Amino acid sequence: MKPSNQIKLAVIGTRGYPYVYGGYETFVKELSERLVKQDVEITIYCQSMLFQNKPKLINGIKLKYLPTVKFKAFNQIIHTFLCMLHVCFSKSNVVLVVNLAAGPLGWLPRLFGKKTIINTDGVEWERPKWKGLGSKYFYFGAWCATKFYDVLISDAQAMRQVYLQEFKAESEVIAYGAPQFKERDIEALAKFNLEPYSYYLIVGRLIPDNNADFIIKEYLKSNSSKKLVVIGDVPYQDGYASNLKSLASDQVVFTGYVKNQNDLLSLYQHCFVYLHGHEFGGTNPAMLKAMANKCAILALNTRFNQEMLNNGEFGLFFDKDEKSLKTKMNEIEQSPVLVESLRRKVNNGLGEKYNWEFVSNQYINLMNKLLMRNSL
């Protein structure tokens, strides 16, 4: 028996569409563009200050623009609160939240008969950027999410275990999709004064969670003949990011954001080794992009990275202690056969669960099940 209601999905917690800033925005873009082709009516809530032009419809996706404040500590919380109030009086019948800041607000749309889903993302309360009160709020938000939402979604089995152990709460595991491989030429490298396979690569926001500071310091101790290229930035004034960028030199290259996708994929595909220092997330989009683009990967040894690389089958690991990364760098630079072997087999680790079509179908099935409860 099919549910009588068409899925009318509202997405809350991202900066907006088609604005692509990080993992949340990429996730919402990839998922929504697929769902709308399967007769799902989608509304994405956007932060109005980020959009000069405010069309109401793009690619069949409805857009709602609501205000917030520029202060980063309260930016998402205030915007999400306004969105949750607005969605209560909308025609949406399913609400997908992609930010734990909205954990305590999950009861609101349920009062108005909406089905609610929250994607738990990473271990927010352990991230260095949320110290003190921020950490306590996100822990409280995670606890609330387990009580106030119809369904929790974890994007990795390791994240599911976190919620089982910490809150004794079950969650559905739906991963994050990987991009399709498209071979890129080396011409883009000239823009950055780089040669193929002459550099290590870091991709991610310049925040403490991603450990770029640790990686750069260990790289400088290694006396490597390779360069280190850091792609990413933060869209606000920040002491941590400024201190990192002060380490720029002929050997340590900061590109800022690379918005041209051809350039970005070329930088992935022609790096010597991709270095992944993300510590507190589940399925990481930057790592998936590295896997899809056939990078040799050297990743921080976490339960999440172990899951993605199948316990070392598709990449190598370093520990967050003195000499571990430096030693690994020295070893792999002496072993080109190992690096080439990793490049050949890495995207075999993607499989069905990291396929966007499979991911979007899982979401549709989940939403249909939720709506079915009303029609039985």
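Every number in this text was worked out from the coordinates using simple rules, so none of it is lab data. The structure presented is a predicted model; accordingly, all values stated were derived computationally and were not measured. Neighbour counts run over all protein chains shown; Cβ positions are idealised from the backbone, glycine included.
Just tell me, in residue order, which DSSP H segments of the chain are both 20 angstrom or longer along the helix axis (alpha-carbon based) and at least -1.0 in mean Kyte-Doolittle hydropathy. Working shown, then result.
Working: long enough: 72-88 (25 Å, 1.01); 133-148 (21 Å, 0.29); 356-375 (28 Å, -0.32).
Answer set is 72-88, 133-148, 356-375.
Under 5 Å between amide H atoms, partner at least 5 residues away or on a different chain: which partners does Tyr257 have, H built in plane at 1.01 Å?
Amide H to amide H, under 5 Å and 5 or more residues apart or across chains, Tyr257 pairs with Gly232.
How far, in nm, would the chain grow between Ser341 and Asn243 when pulled straight, counting 0.36 nm per residue and subtracting the alpha carbon separation?
Stretched out fully, the Ser341 to Asn243 stretch lengthens by 31.7 nm.
Taking Lys221 as the anchor, which aspartates and glutamates have their alpha carbon closer than 12 Å to its alpha carbon, excluding any fewer than eight residues away along the same chain?
Partners found: Glu322.
Name the residues whose placed amide hydrogens come within less than 5 Å of the amide hydrogen of Tyr176, ignoring near sequence neighbours (fewer than 5 apart) on the same chain.
none
Not counting the cut sites, what is the longest span of the chain without GluC sites (Glu not before Pro) that DSSP labels loop and that have at most 16 other Cβ atoms within 10 Å?
It runs 1-169.
Averaging sequence separations of C-alpha pairs under 8 Å and six or more residues apart, then dividing by the length of region 187-351, give the relative contact order as a whole percent.
Across region 187-351, relative contact order equals 24 percent.
Leaving out same-chain residues fewer than 8 places away, which lysines sit with a Cα under 25 Å from that of Lys147?
Those lysines meeting the cut-off are Lys8, Lys91, Lys114, Lys115, Lys131, Lys136, Lys168, Lys369.
Go ahead and set up a Gaussian network model of the chain, Cα springs under 10 Å, then flag whichever of Phe89, Phe138, Phe318 fluctuates most.
Ranking Phe89, Phe138, Phe318 by mean-square fluctuation puts Phe89 first.
Just want the ordering: Asp238, Asp185, from fewest to most Cβ atoms lying within 10 Å of their own Cβ.
Asp185, Asp238
Taking loop as defined by DSSP and a crowding limit of 13 other beta carbons within 10 Å, which trypsin sites (Lys or Arg not before Pro) in region 187-269 fit?
Qualifying residues, ordered by number: Lys259.
Within 13 Å, Cβ to Cβ, of Ile58, how many net charges do the neighbouring residues add up to if Lys/Arg are +1 and Asp/Glu are -1?
+4
Can you give me the long-range amide H partners of Asp238? Hydrogens built in the peptide plane at 1.01 Å from N, cutoff under 5 Å, separation of 5 or more residues or another chain.
The answer is none.
Could you order the peptides 173-180, 280-287 from most to least packed, using the average number of other C-beta atoms within 10 Å per residue?
Going from most to least packed, we get 280-287, 173-180.
Would you list, by chain and number, the lysines whose Cα falls below 21 Å from the Cα of Lys182, excluding same-chain residues fewer than 8 positions away?
Counting by Cα, and skipping residues close in sequence, Lys182 has these lysines nearby: Lys29, Lys191, Lys259, Lys289, Lys294, Lys345, Lys353.
List Cys88, Cys83 from most exposed to least, where exposure is judged by having the fewest other Cβ atoms within 10 Å.
Ascending number of Cβ neighbours within 10 Å: Cys88, Cys83.
Fewest to most neighbouring Cβ within 10 Å: what's the order for Asp263, Asp155?
With the sparsest Cβ surroundings first, the list reads Asp263, Asp155.
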